[in-house]
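Novice: One structure is given below, represented as structure tokens, and several questions about it will come after.
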Amino acid sequence: MNGPYDDIIDLPHPTSERHPRMSMANRAAQFSPFAALTGYEAAVKETARLTDSKAELTEEEKVVLDAKLQLLVPGMEASFVYFQQDNKKEGGTYLTAAGMVKRIDSCAREVILADGQKIFVDDIIGIQLEASAD
């Protein structure tokens, strides 16, 4: 024999007198997978998430919407379709809220519903006034 390890090939396996031998489970844990790209999957999901762009209303639609806003009074039931800007990316989504109008804040340009939800008037694209039970 004339290989590079011929001098140690027949020696017994070294064992430490101070440290116990590592179990097979602990030895396998050294090689378990890890997330090398932390946050990558969340970034891919965020990029894939779709948003809508805010629609511009025509002059006729603005007139109709303004007339419906003028009819709103506290205590009236109505449903609103409005645009909500996305906090993380360009665009947003269209939402629908329905309920009793608590008040209309003309300074802040908001419609406040009885449940506390605030809808910015400039984001509203549709209003459905509920018929009264009277």
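The values are calculated or read from the model by the stated rules, or taken from the named source; none is laboratory data. Small disclaimer: the values here were computed from a predicted structure and weren't measured. Ideal geometry is used to build each Cβ from the backbone, glycine not excepted, and the neighbour counts take in all protein chains shown. In case anyone asks, the SASA skips ligands and DNA or RNA and just uses the protein heavy atoms, side chains included. Shrake-Rupley method; radii C 1.70, N 1.55, O 1.52, S 1.80 Å.
Novice: Using only the Cα atoms of the chain, each taken as one equal point scatterer with no solvent, compute I(q) by the Debye sum, divide by I(0), and report log10 of the ratio at q = 0.11, 0.16, 0.18 Å⁻¹.
Specialist: -0.62, -0.93, -1.06
Novice: Compute the length gained on full extension between ALA29 and ILE8: take 0.36 nm times their separation in residues and subtract their Cα-Cα distance, giving the result in nm to one decimal.
Specialist: Stretched fully, the ALA29-ILE8 segment lengthens by 4.6 nm.
Novice: Just going by the charge dipole of the chain, with Lys and Arg at +1 and Asp and Glu at -1 on Cβ, which of CYS107, ILE8, PHE34 is farthest out on the positive end?
Specialist: ILE8
Novice: Going by the alpha-carbon gyration tensor, a ≥ b ≥ c the square roots of its eigenvalues, is the stretch 1-53 rounded (a/c under 1.5) or, if a/c is not under 1.5, prolate (a/b greater than b/c) versus oblate?
Specialist: In terms of gyration-tensor shape, prolate.
Novice: Suppose all protein chains stay in the model; what accessible area per residue would a 1.4 Å probe give for the chain, in Å²?
Specialist: Normalised by residue count, the accessible surface of the chain is 82 Å².
Novice: Working from Cα positions, state the angle (0 to 90°, nearest 10) between the long axis of helix 59-71 and the longest principal axis of the chain.
Specialist: Helix 59-71 sits roughly 80 degrees off the main axis of the chain.
Novice: Across the stretch 6-134, how many lysine pairs, 8 or more positions apart or on different chains, have C-alpha atoms separated by under 18 Å? Please give the number.
Specialist: 8
Novice: Considering only protein heavy atoms and a probe of 1.4 Å, how much of the accessible area of the stretch 90-134 is carbon and sulfur, as a whole percent?
Specialist: Summing carbon and sulfur atoms, their accessible area is 48 percent of the total for the stretch 90-134.
Novice: How large a share of the accessible area of the stretch 1-71, in percent, is made up of carbon and sulfur atoms when the probe is 1.4 Å and the other protein chains stay in place?
Specialist: Here carbon and sulfur together make up 60 percent of the probe-accessible area.
Novice: Would you list LEU95, LEU50 from the most to the least accessible area, probe 1.4 Å?
Specialist: Order by accessible area, largest first: LEU50, LEU95.
Novice: Under a point-charge model restricted to the Cβ atoms of Lys and Arg (+1) and Asp and Glu (-1), what is the dipole moment magnitude of the stretch 73-124 relative to its Cα centre, in debye to the nearest 20?
Specialist: Charge dipole of the stretch 73-124: 100 debye, to the nearest 20.
Novice: Would you mind getting me the FRET efficiency between MET76 and GLU56? Use the beta-carbon distance for r and R0 = 30 Å, nearest 0.05.
Specialist: 0.65
Novice: Ignoring everything except DSSP H segments at least 4 long, calculate the 222 nm mean residue ellipticity for the chain; use -39,500 (n - 2.57) per segment, divide by total residues, nearest 500.
Specialist: Calculated mean residue ellipticity at 222 nm is -6000 deg cm²/dmol.
Novice: Taking 0.36 nm per residue of separation and subtracting the Cα-Cα distance, what length does fully extending ASP105 through GLN128 add?
Specialist: Gain on extension, ASP105 to GLN128, equals 6.4 nm.
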